[in-house]
Structure formats: structure tokens, C-alpha cells
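Shown next, in C-alpha cells, is the structure this report addresses.
Read-outs throughout are calculated quantities, based only on the coordinates presented, and are distinct from any laboratory measurement. Please read these numbers as outputs of a predicted model, since none were measured by experiment. FYI the Cβ positions are ideal-geometry reconstructions off the backbone, even for glycines, and counts take in every protein chain you see.
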Amino acid sequence: MHGGPAARGVRGGGRVASGDAAAQRERNREAPKIDRLGARIAELFRPYRVPLVIIIVLVIAAAGLGVLPPLLTQQVFDVGLFPLDGGGPNMPELTRLLVIMVTLFIVSGGIGVLQTYMTARVGNRVMGDLRERLFAHLQSMELAFFTRTKTGVIQSRIQNDVGGVAGVLSNTVSSVIGNTVTVIAAFVAMLLLSWQLTLIAVVIMPVLVIAQRRVGQVRARIAGRTQESLSEMTAITQETLSVSGVLLAKTYAREGMESERYAAENSNQIALQVKQTMSGQVFFALVTVFMSAVPAIVYLCAGWILARGGAGAVDITAGTIVAFTTVQARLLFPLTNLMRVALDLQTSKALFARIFEYLDLEPAIRDAEQARVPSDADGRAGCVEFANVTFSYDDAAPDERPTLDDISFTVGAGEFVAFVGPSGSGKTTIGSLIPRLYDATSGSVKYAGDDVRELQHEALVERVGVVTQEPYLFHASIADNLRYAKPDATDAELERVARMANIHDTIVGFADGYETIVGERGYRLSGGEKQRIAIARVLLKDPRVLVLDEATSALDTVNERVVQRALDSARTGRTTIAIAHRLSTIVGADRIYVVSAGRIVESGTHAELLARGGAYAELTEQQR
Ligand code: ATP
């Protein structure tokens, strides 16, 4: 499976006018449908069962305590202030009741703080786990996923979507629990005070709950679109505010156009955010009106019950009515909060769905169940073989001519072979298939006699070093970039490989030497310097097989010769597969394969191929 709908969905809408219909559709994409979403969210909390149980205990304790203040209020009125047996206020009793009341508030406050701390911790950890899982999962995705998905869109899932549920996970958990406690406590207190009045106060609740669900559904739909738009904005930022993006915009004087593109998406984002905030506001206004109107109804009904007299009227004292309306008024805030939280939860489902959608992506390239470690036996280790390999980048277009068409060759351990041919003929693709950046569509790529699909990927990659056409360096020091290949390499080792790649003298010429920060993607360095650092890095890795894709293309003639010599010595004892444009660099190869339109059309040594007077001779002629 290649990325699912999300990955496919984000492919379009790149550098197109904001009014473009396809781009608009992308931005309006709603949250994906995920099965068992609630259960899967609950599963995230599984490792935190113990703290959750403690939280629940705290909640119940708080709920128990929460029932008492209103009952005390009733007592304060009916026993302390206006004793029902007539007479003046009972001061000792009043003082006792008030001391109990204040103590209760202090204890509840303490429990509240502890509970908030624990819920915030659990919430944030769950979110942290999710972020880590997503990051690790994305690392395991195949290269093709990244070539077809905008980087910013991927970043947005980790940052904006997980960040979005972070608020829900930490705030919601404490809010749900805290408010539930208050609401339950208030209901219990109301029931204890007067079940008749409680019935009147809650009769409309089911209507509110149904309305709330509807509002939540609408809000979740808008949230999906908001996140999609946010990811588009991240993509624009990431694309245009990077060194490469800014360079492109500046050299084409397109800063204005980029700002407009951003502004258009920003307007969309603003509109969606406002929509999201406003969805439900009318509902909440109605809830507030209703809850505020309840005391009036309660007074009316109480008057009615009292006027009729009978058994029910006995329970309804002034204290009961005052206590009841106090509780009911206190209910308004937590109840609205709870509804708001429920709404946020529903909204967050859209975000969770987006996160799970990425977590559910199946990496196309993964270890087989019985994957083996590649053989390191002499004679086998370092052998690379292609047996009738056909490969297409797009499996979905079988009718198109494949990028590689029935390629077969064998490179013995320690051999030096080269691939030459016109641009776009498939040379780089051949190199990519060896460390399994892609899998062959048919046929088999073998390392040390085993199909690479039967080998442990990590172990295979350890044995294959690649220097790509555009070497990538991190925004870190030269030493850190080199150590990427071998984190525990000593300074002496760094120097040794840097000397081999003819970059040592250049590095020590910089003010900060090996500690020079290379800038994003290595922009601080010239093309040739970058390339030589990449060569030094792969030499530090010391692989059995070296794939050099145009490794010397960015070097001047003098440098090229020096690096060539370094590579010649680096080749000793390992298989080298060079993909070359400059034929001068591969004259000494054991075998040269000429690739044209995805097929090997000629092979032999330089001298043999020249003598043959075919495609290779023609290429040599062109480069004279
Ligand atoms: P050059 O000498 O210019 O580097 P090459 O011989 O190395 O070219 P490849 O990079 O292997 O050529 O590309 C072979 C073909 O595959 C080209 O037509 C290219 O457009 C296509 N191609 C390369 N990478 C991808 C990709 N990720 N997705 C789809 N098509 C691709």
C-alpha cells in the first residue's frame, strides 16, 4: 500500500493559483473515517491505568465532598440563621457549620490541585507517546511516500494535529473529570434537597444533549478542514521559507506571489477558525438562557406546591429553595463547561482520525518475517546482482514504459563497475534499488546471493554506502555531519576520512574548523565542498558496497582528480558502483554498462566499448 488517501490527497495543490479548484478541494478535505476511533483513543491511555485509577479515586472523593456544601447551606439557614422552631439565630451552631464549610473548601481545593496535576501529566504523556509513535512510524515509511507527499504536510500532522489533541488530552481530561464531579455533586445535592424541584430542573436536559451532539458533528467536520488548511499553510511556509525556497523566490522575484499564496490560504484558515468558534455559540447562548431561567421556574413551581399544600409542601422550606437555586446556579458553569468539553472531544476526533490515518499507513518496504542478516562470507559479501529487474515508479500506471526494463548484471565482490548513459535513462534508479530504497516491480535484486527482500533491511543498509547526486547535510557542524555515519568516531578518524576525500585542508582553513556550522542543507559550503564531505562521511561508514551517484560532478577538474584518487584508494577492498556522466572518471572500471531508456544496451571495458564503436563510443565522442 502506498500511503493511503492522505498521502494521495496531499499530492496536488502545489504551486497553483489559490483559486484552483483542485487545491480548493484539497483544503476542504474533511477528516478521514477511522474504525473503532473511540476504542483506539482509549487504548492510548492503557499504559497509564494506575494514575488513572488514582485520578478516579480523587474524583470520587471530591464528588463526595462536593455534595456537602449545599446541604450545609440548607442547615445554615434552617438551623443557624432562621431556626425552624422559631427564635433567633443559633450562633454556636452557625459557627460550627461555617467552620466545617471552610474546611471542606480547603480540602476540596487540595484534591483539585492534585487531580489537575495528575491529569495534566497523563494527558501530556499520552500526547508525547503519540507524537513519538507517529515520528517513528513516519521514519519507517518508504522513500516513495516522501517523494509524493509535501514535507510541510507531513510536519503538520506531527505538529498541528498532535499539538491540537494535546490541548484536548491534557485540558479535557482534567476538565471532564473536574466538571463531572461538580455536576454530579450538584445533582446529588439537588436530589437530597428536593426531588420534585430537581425533576423540574432537569427535564430539558436530554434536548440539550441531543443538540450538543449535532453541534459536535458539524464542528468535527469543520475541524477536519481547518487542519487540512493548516497543513497546507505549513507546507507553504516550509517550501518557501527554506533556503532553497527563498533562493528560488528571490532569483525569480516571486516574493510577492508567494506572499499572496500564503495570504489566500491564511484567509481560508481565518474563515474556518471563525466558523469553528462560532459553531455552537448559539447553542451555548440557549443553554445559558435556559439555565438562568430555571430559578424563575423553580420559584413558580415551589409557590404552586406550597399553595396546594399537602405532603410535598412540608419539604419545601425557605432554606431548601435558597439552597436549591444556589446549587442550580452553580451548575450552570460546570455544565456549560462539560458541554464545551464534549464538543471539543468530538472536534478532536477529527484530529485523532488524521493521526491514526498516518499511523495506519503500511510501510511498503519492511523486513520479511524470516529476514536474514546478509552473508559476510568471502567471495559473497559485496556481490550485487540484478536478475531481470523491471521497475516502475508508478505501479498504478502499468501501461507506461517501465523506468528499468529487464536489467540483468552481476558485480563481483571488490569489482568496480560503472553505469553511463543519457540523462533520465535510469542510472540513479539502478543505484536506488540496491539499498532497497524501492523494490523491483519484477525480477530480483540480490546482495551476497540473497534477494534483498529476504534480508534484514538495516543490516543491508549497513553494508551499502550511497553518495547521492545532491548530498544532504544537516544544519550542524561538519564534525556532527561526518559522525552521522559513525556516532562514536574519534577526531582522528574524522581527519583520516576527510584527508581521503581531500577536504581536510579546506575544513581546517575555516575559522571554526571541524566545528563550522554548515547551514541548512549545507548552504554555507560550496557544491564541491559539500560533495567531498559527503564522500568523507560514506568513507567513515566503511561499507562493503559503495554506490557513487555522480559523486564527482560538482568538482572542478583539479579537485576531481584528487577526489578520484581518494576514491580509488577507498574502493580498495569494496565493490564500487559508479554512476557517471563524466566518462573520464570511470575509464579504469572493470566493466562499464551503457544504459539507454531503462535497458542495458552495451557492456565491457572502456577499451572494448570504444573498439566496438557503439553507444559508448558515441558518448565519448560527445564529451571530447
Ligand atoms: P541523470 O543522469 O539525469 O541523473 P538517470 O539516468 O540517473 O538521470 P533516473 O534518475 O534514474 O535517471 O530517472 C529515470 C527516470 O525515472 C526519469 O524519467 C525520471 O523522470 C523518473 N523518476 C526518477 N525518480 C522518480 C520518482 N521518484 N518518481 C517518479 N519518477 C521518477
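Miscellaneous remarks
- Degrees separating the helix 491-500 axis from the principal Cα axis of the chain, which is the longest one: 40 degrees
- For region 403-409, 3J(HN,Hα) computed residue by residue from phi via the Karplus equation (6.51, -1.76, 1.60; θ = phi - 60°) reads 5, 10, 10, 6, 8, 9, 6 Hz, glycine and proline entered as x.
- Two-site FRET efficiency, ALA459 against GLU362, from Cβ-Cβ distance with R₀ of 22 Å, rounded to 0.05: 0.50
- Helical contribution to [θ] at 222 nm, DSSP H n ≥ 4, -39,500 (n - 2.57), averaged over the chain, rounded to 500: -19500 deg cm²/dmol
- Whole-Hz Karplus values for region 514-528 come out as 5, 8, 4, 7, 7, x, 4, 6, x, 5, 5, 9, 6, x, x Hz, taken residue by residue from phi with 6.51 cos²θ - 1.76 cosθ + 1.60 and θ = phi - 60°; glycine and proline positions read x.
- Dipole orientation for the chain: of the candidates ALA381, HIS475, SER242, SER242 has the Cα lying most toward the positive pole (charges on Cβ; Lys, Arg +1; Asp, Glu -1).
- Around the amide H of ARG599, modelled in the peptide plane, lie the amide H atoms of ASP405, all under 5 Å away and 5 or more residues distant in sequence or on another chain.
- Leading residue at positive end of dipole, region 51-187 (Cβ point charges), from THR116, LEU65, ILE100: THR116
- Once the chain from ILE106 to LEU71 is taken as fully extended at 0.36 nm per residue, the excess over their C-alpha distance is 10.9 nm.
- Take every pair of alpha-carbon atoms less than 8 Å apart whose residues are at least six positions apart; their mean separation over the length of region 464-542 yields a relative contact order of 51 percent.
- Since only VAL126, HIS137, LEU359 are under comparison, the one whose Cα sits farthest along the positive direction of the charge dipole of the chain, derived from C-beta charges on Lys, Arg, Asp and Glu, is VAL126.
- Estimated distance in nm for a label pair at THR390 and SER584, the labels positioned 7 Å out from Cα along Cα-to-Cβ: 4.1 nm
- The chain - charge dipole about Cα centre, Lys and Arg +1 at Cβ, Asp and Glu -1, debye rounded to 20: 1640 debye
- Förster radius 56 Å - calculated FRET efficiency between ASP451 and ILE297 (Cβ-Cβ, nearest 0.05): 0.10
- Dipole in debye (nearest 20) - region 38-359, about Cα centre, beta carbon charges: Lys, Arg +1; Asp, Glu -1: 600 debye
- For region 464-542: rounded, prolate or oblate by the Cα gyration tensor [a/c cutoff 1.5]: rounded
- Normalising the average separation of contacting C-alpha pairs (under 8 angstrom, six or more residues apart) by the number of residues puts the relative contact order of region 38-359 at 29 percent.
- Rounded to 5, percent antiparallel among DSSP beta bridges of the chain: 50 percent
- In the chain, lysine pairs with alpha-carbon atoms under 24 angstrom apart (chain gap of 8 or more, or interchain): 14
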